[in-house]
Amino acid sequence: MNGLQAYQRVNTQTSIIDADPHRLIQLLYNGAIERINMAKSRIQAKDYSGKAQLINKAIEIIGGLRSFLDFEKGGDLAPRLEALYDYMERTLLEGSARNDIAKLDEVIGLLRSVKEGWDGIREEVVTQHSQAAG
């Protein structure tokens, strides 16, 4: 499943029709963080079925992020991100199996950290894109 399909499956209200690739990845990070936070609430409410669905959606989104990795242009960053995404997926599965909110918080922290870096290059990417189009 590609990143766009993964994002569409999270039933978000945000329109992705006009999203550029950089913005789409921002939306994926937001969607994963949101689903994990919702799963934490489901654990506290003892709704384990709802928790499992939300964790599965977060894992699908992380898989979508992985599908966007460019190993040709990404240098050593792409394999490092791939390993980090793999770790996030495994940690989510473990946290879900044990109803361990600390594990879910760990993944949220990792996602936020990577997202901050991604958000930080937004202006540069938009500038490059508009120069290439013009």
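Taking 0.36 nm per residue of sequence separation and removing the Cα-Cα distance, the Asp20/Ala45 pair yields an extension gain of 5.3 nm. Kirkwood Rh over alpha-carbon pairs of region 37-119, then Stokes-Einstein at 20 °C and 1.002 mPa s: what D in µm² s⁻¹, rounded to an integer? It comes out at roughly 161 µm²/s.
When you count the other C-beta atoms within 10 angstrom of each residue and take the mean per peptide, 73-85, 99-111 line up highest first as 99-111, 73-85. Report the one residue of Met88, Gly63, Tyr48 whose Cα lies farthest in the direction of the positive end of the charge dipole of region 34-116 (charges on C-beta: Lys and Arg +1, Asp and Glu -1; origin at the Cα centre). Most positive-ward Cα: Tyr48.
For the cross-link pairs Lys57/Lys103; Lys51/Lys115; Lys46/Lys115, the ones whose C-alpha atoms lie over 20 Å apart are Lys51/Lys115; Lys46/Lys115.
Each value in this text was obtained by applying a stated rule to the coordinates, not by laboratory testing. The model shown is predicted, which means the values in this text are computed figures rather than measured ones. Note that we place each Cβ from the backbone using ideal geometry, even for glycine, and neighbour counts take in every protein chain shown.
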